[in-house]
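Worksheet: the structure to be examined is printed underneath.
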Amino acid sequence: MRRKRLPAWVAERRSARSGAVGLAIAMSSALVVSGVGPALAQTGDDSPSTAPGRVDADVVAALADQGSTDVWVVFDEQPDLTAAAAIDDWADRGAAVVDALRDQAQRSQAEIVELLEERHDDFTPYWISNRVLVRDASTSLTNAMAVLQGVDEVTLTGHLDLPDQTFETAEQAGRDDVEWGLSSIKADEAWSEYDVLGEDIVVGSVDSGVQYDHPALVEAYRGNLGDGGFDHDYNWFDPTGDCDGISVEPCDRSGHGTHVTGTMVGDDGPGNRIGVAPGARWIAARGCEGGGCSDASLLAAGQFMLAPTNTAGENPRPDLRPHIVNNSWGMANGSAINPWYDHIVSAWTASGIFAVFSNGNYGPGCDSAGSPGDSVHSYSVGSYGADNQIAASSSRGPGANGDIRPHIAAPGVNVRSARPGDAYGLSSGTSMAAPHVSGSVALLWSAVPNLVGDITGTRALLDGSAIDVDDTSCGGTAEDNNVWGEGRLDVLALIAAAPRGETGVLAGAVVDDSGAPVAGAEITVAGPQQREIGAGDDGTFSVLLVVGDYTVAASAFGFYPTEVETSVASGESTTVELALGAIPTHSVTGRVVDSAGAGLPGATVTIGDGVLPSVSTDAHGDYRVEAVPEGTYRVTATADGCLGPLDRELSVEGGAARLDLELPDVTDEYGHTCRVGSEEFLSGNTDLGLTGDDGVTTIDLPFPVGFYGQTYQQAHVSANGYLSFDASTSVYDNTAIPDPDHPNAAVYPFWDDLTPTDGGRVYTGLHGEAGDRVLVIEWRGLRMIESDQLVTVSVGFHEDGDLVFGYGEVPADSERAQGSSATIGLENADGTDALLFSYDTPVLSSGRSIRFTSPVGADGTRLRTS
């Protein structure tokens, strides 16, 4: 079956946000979604009934289609782990985190557990993220669960990607040189200079499993008893229980996890050392079954890493948790896996586990960071090759909330590591880069044990010791950008920068004039060590430092900076308070207009690169931003695809400020311009007979149409949402324009992979009188491939030369229908000039129109023909 190329951030959402929504509307008598409607008690059978607004649309669709489905019942409360995270003892800290999570889950889930046990339903409660997996839930059971106290939502189960992996056979032994990746990060130099290989550190792998008796891995396996025997309890967990029928013994069907683990700790004797930390030990949980990873398995694996159990999943031991967990898996960026994996990472972090994630292989485009690497809680890794060039496939940022992603880059191209069957192979991807970082943290913590469990300090050391690479093509700075993050990993510099000898804790709080905490304040520590850290939401911070005298400075947007002098003593905690005075604020107002001076409603105005919330202009194009602190700002205004963005500098000082902004027209070389409006949608009335996928037909035009200086008498209409004047083509895979490949001389109201099935048709029609006629082509009710969403769009060719794109009903919850995988615009005959309104961007809405106007010549007439 043909699969259309979809943008990475759209592909994983298409079923839930298009087809499922359509079914949800059709089956609204069964369940009510989106928070509307009263909650009804459980029904006694599976007849349709109304439930509260906590049931996702995709659950509704699945129930309508199948009668029952597996669901997650998600509870809204997660415990505060701050106190547990502050405990020094490793075992006590882990136990406190687990106890807090389990206590909260037991309180929240008591009612649903009682209900499900009474019904003898198949379910599994989880505590690391407060939720219950219910298998084969019916409509009536879903209704009953949704009304329980504390239930936040009911969602479908999911499946994530284990990245595709291609192996090339490599030599097994006898290599005299160091693997290029180990040499690149200077691991071999760190081994010799600091006489450290990762001793006393345990790394965990959540992946496809591991061949535990591989020659390069068997000695490092924590379950190896050293006498030829093995104890897999607390060292291996397979939540699926289907590891070739031997769930109690580690296995790896795909080879992915074996390769990853080898890069962390692999060592097969002299000349065949493949791991960054060959002296560390490893444990593993099989969170990925075969070629993918179910959310249930990942949750179970996450719990195991925090509190390892025996192979039956019993008798948890938080004291046996690993120090580091590597996650070389994920999905195209999107919120589908949040917040449940955020809960896991937050719990790991609170317990002192350092979590490492691959950033994804969805590059080279910007905004392609994978999840959960793009999360605010994760530490993610990009990939580069032996030539020190970023890998084309390495995902770029930004991440969630606009944060820089990846954090750092590591070797990930043609990395040689272990393969099942006692073999070795080369593989590429951020999956190979992440374990280089995991192994480096193992070396660091082995060399400097006082850093074990210090997640904030370790992140700061990784960031600060990385080799800067200047690439701001996806945003950021030369030192920290969305291609390389902080730069290339350097484990030798990492260990050299770590604090040694006697240490103490510097803790404190940042407050305003009233004593209220200042969330997210930036803290700079200068002295024997240099550190930059961020205050938490409660304004507090804590950092481990070598003893000595320090200057501690704090700054935050909207406040004057301040600093204090203090000393850190051995084995003691020094506390400081930094009070920030508020900078006076004033309002900023203005109007956003187009090149003709007309006010632009709905334009977006941003002051200070996002440090202040963006605002939208009103119906007249006016905007107002309150409480802008005095200072100089970059003000940005954006509108739609017909108008370019505009940046201006604004000084706010001594009183209210005003800044009016005139957005420039977006034009092609020929001179076309466009305007977004809400003109009447014009329909066709003559069926063109396009019934097959990728169909195309030729029509005669009722009047000559001028287009890019040429005059046309015919047009070729494609079922895929466009028409061409020069060739009978029907390309389904849209591209950005201009593009020399066919189609050309084309008009694209909605170029996507469409098919006229289920009653969808393409129509033509003629409106108006001679001299003022409009030829309409309408794509009515065409279905988007790989979606149940229907699209209705049209283009009107006005006899005066203008073209108007019209859009019918566009669901607000369907990014695909809004244009997330479509091209919209005009293109000339040789594909060298185009006016691109949007490409793979959800910008459309119901009733919107786009009017394209050709340029005016010296004589005042339109440049329509040659």
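Apart from one condition, Val325 fits all of (1) part of a strand (DSSP E or B); (2) within 13 Å of Asp233 (Cα to Cα); the exception is (2). Among the residues of the range 590-610, those that are under 30 Å from Ser555 (Cβ atoms), in a strand (DSSP E or B) and within 34 Å of the chain's Cα centre (by Cα) comprise Thr604, Val605, Thr606, Ile607.
Only a single criterion out of (1) under 27 Å from Gly536 (Cα atoms); (2) touching a Lys or Arg at 6+ places or on another chain (Cβ under 9 Å) is not satisfied by Ala569, namely (2). Within the range 373-390, being modelled with pLDDT of 95 or more, closer than 27 Å to Asp342 by Cα and aliphatic (A, V, I, L, M) holds for one residue alone: Val381.
For the range 697-712, the condition holds for no residue, the condition being that it is small (Gly, Ala, Ser), in a strand (DSSP E or B) and under 30 Å from Val588 (Cα atoms).
Kindly establish whether Ile467 is in contact (Cβ under 8 Å) with a residue 12 or more places away in the chain, surrounded by fewer than 22 Cβ atoms within 10 Å (Cβ to Cβ) and closer than 22 Å to Gly571 by Cβ. Judged against the criteria, Ile467 is not a match.
Looking at (1) at pLDDT 95 or above; (2) assigned to a loop (DSSP other than H, G, I, E, B); (3) touching an Asp or Glu at 6+ places or on another chain (Cβ under 8 Å), find the lone condition where Ala478 falls short. Every listed condition holds for Ala478 apart from (1). Of all residues in the range 214-237 being of a type in the set (D, E, K, R) and in contact (Cβ under 8 Å) with a residue 12 or more places away in the chain, which is farthest from Tyr424 (Cα to Cα)? Residue satisfying both the conditions and the ranking: Asp233.
What about Leu492, is it aliphatic (A, V, I, L, M), under 30 Å from Ala91 (Cβ atoms), assigned by TED's automatic domain parsing to the domain that holds Tyr194 and part of a helix (DSSP H, G or I)? Spell out the reasoning first.
Values: aliphatic (A, V, I, L, M): yes; under 30 Å from Ala91 (Cβ atoms): no; assigned by TED's automatic domain parsing to the domain that holds Tyr194: yes; part of a helix (DSSP H, G or I): yes.
No, not satisfied.
If the condition is being over 18 Å from Val511 (Cα atoms) and at pLDDT 90 or above, then the range 535-572 contributes Val547, Gly548, Asp549, Tyr550, Ser567, Val568, Ala569. The residues of the range 499-514 that are under 30 Å from Ser440 (Cβ atoms) and either crowded, with 19+ Cβ neighbours inside 10 Å or in contact with a Ser or Thr (Cβ under 7 Å, 6 or more places away or on another chain) (or both), listed by number, are Pro499, Glu502, Thr503, Gly504, Val505, Leu506, Ala507, Gly508.
When Gly313 is tested against (1) in a loop (DSSP other than H, G, I, E, B); (2) out of contact with any strand residue (DSSP E or B) (no Cβ under 8 Å at 6 or more places or on another chain); (3) at pLDDT below 95, just one condition goes unmet, and that condition is (2). A residue that is surrounded by fewer than 24 Cβ atoms within 10 Å (Cβ to Cβ) and within 17 Å of Val196 (Cα to Cα) can be found somewhere in the range 482-492. Would a scan of the range 697-719 turn up a residue that is among the aromatic types (Phe, Trp, Tyr) and within 39 Å of the chain's Cα centre (by Cα)? Looking through the range 697-719, none of the residues is among the aromatic types (Phe, Trp, Tyr) and within 39 Å of the chain's Cα centre (by Cα). Over 16 Å from the mean Cα position of the chain (by Cα), free of Cβ contacts under 8 Å to residues at least 40 places away in the same chain and surrounded by 24 or more Cβ atoms within 10 Å (Cβ to Cβ) - does that describe any residue in the range 349-362? Checked against the condition, which is being over 16 Å from the mean Cα position of the chain (by Cα), free of Cβ contacts under 8 Å to residues at least 40 places away in the same chain and surrounded by 24 or more Cβ atoms within 10 Å (Cβ to Cβ), the range 349-362 yields at least one hit. In the set Ser821, Ser814, only one residue is modelled with pLDDT of 90 or more and either of a type outside the set (Val, Ile, Thr) or surrounded by fewer than 18 Cβ atoms within 10 Å (Cβ to Cβ) (or both); that residue is Ser821.
Could you tell me whether Tyr341 is crowded, with 24+ Cβ neighbours inside 10 Å and assigned to a loop (DSSP other than H, G, I, E, B)? No; evaluated as a whole, the condition is false for this residue. Checked against the criterion of being modelled with pLDDT of 95 or more and under 20 Å from the mean Cα position of the chain (by Cα), the candidates Asn333, Asn326, Asn338 yield just one match: Asn326.
Screening Pro613 on (1) over 27 Å from the mean Cα position of the chain (by Cα); (2) outside any strand (DSSP E or B); (3) of a type outside the set (Gly, Ala, Ser) shows it passes everything except condition (1).
Consider Val59 carefully, then state whether it is within 26 Å of Tyr341 (Cα to Cα), surrounded by 14 or more Cβ atoms within 10 Å (Cβ to Cβ) and modelled with pLDDT under 95. If you could, list the steps in order and put the result at the bottom.
Values: within 26 Å of Tyr341 (Cα to Cα): yes; surrounded by 14 or more Cβ atoms within 10 Å (Cβ to Cβ): yes; modelled with pLDDT under 95: yes.
In short, yes.
Mind checking which residues of the range 596-646 are within 26 Å of Gly677 (Cβ to Cβ) and either in the same structural domain as Phe559 (by TED's automatic domain parsing) or without any contact (Cβ under 8 Å) to a residue 24 or more places away in the chain (or both)? If the condition is that a residue be within 26 Å of Gly677 (Cβ to Cβ) and either in the same structural domain as Phe559 (by TED's automatic domain parsing) or without any contact (Cβ under 8 Å) to a residue 24 or more places away in the chain (or both), then Ala596, Ala598, Gly599, Pro601, Ser614, Val615, Ser616, Asp618, Ala619, Gly644, Pro645, Leu646 are the ones that fit. Restricting attention to the range 611-654, the residues that are out of contact with any Ser or Thr (no Cβ under 9 Å at 6 or more places or on another chain) and among the small types (Gly, Ala, Ser) total 3. In the condition set (1) buried (at least 22 other Cβ atoms within 10 Å of the Cβ); (2) charged (D, E, K, R); (3) closer than 28 Å to Glu179 by Cβ, Asp387 is compliant with all but (1). Annotation: of all residues in the range 636-694 being in a strand (DSSP E or B) and among the hydroxyl-bearing types (Ser, Thr, Tyr), the one that is surrounded by the fewest Cβ atoms within 10 Å (Cβ to Cβ) is Ser651. In the set (1) touching a Gly at 6+ places or on another chain (Cβ under 7 Å); (2) closer than 15 Å to Phe357 by Cα, the condition left unmet by Ala392 is number (2). Taking the criterion of being in contact (Cβ under 8 Å) with a residue 40 or more places away in the chain and among the hydrophobic types (A, V, I, L, M, F, W, C), the residues of the range 63-85 that qualify are Leu63, Ala64, Val71, Trp72, Val73, Val74, Phe75, Leu81, Ala84, Ala85.
Note on the range 392-440: residues that are charged (D, E, K, R) and either out of contact with any strand residue (DSSP E or B) (no Cβ under 6 Å at 6 or more places or on another chain) or assigned to a loop (DSSP other than H, G, I, E, B) (or both) total 4.
The values are calculated or read from the model by the stated rules, or taken from the named source; none is laboratory data. This structure is a prediction, so every number in the text was calculated from the model and none was measured. FYI the Cβ positions are ideal-geometry reconstructions off the backbone, even for glycines, and counts take in every protein chain you see.
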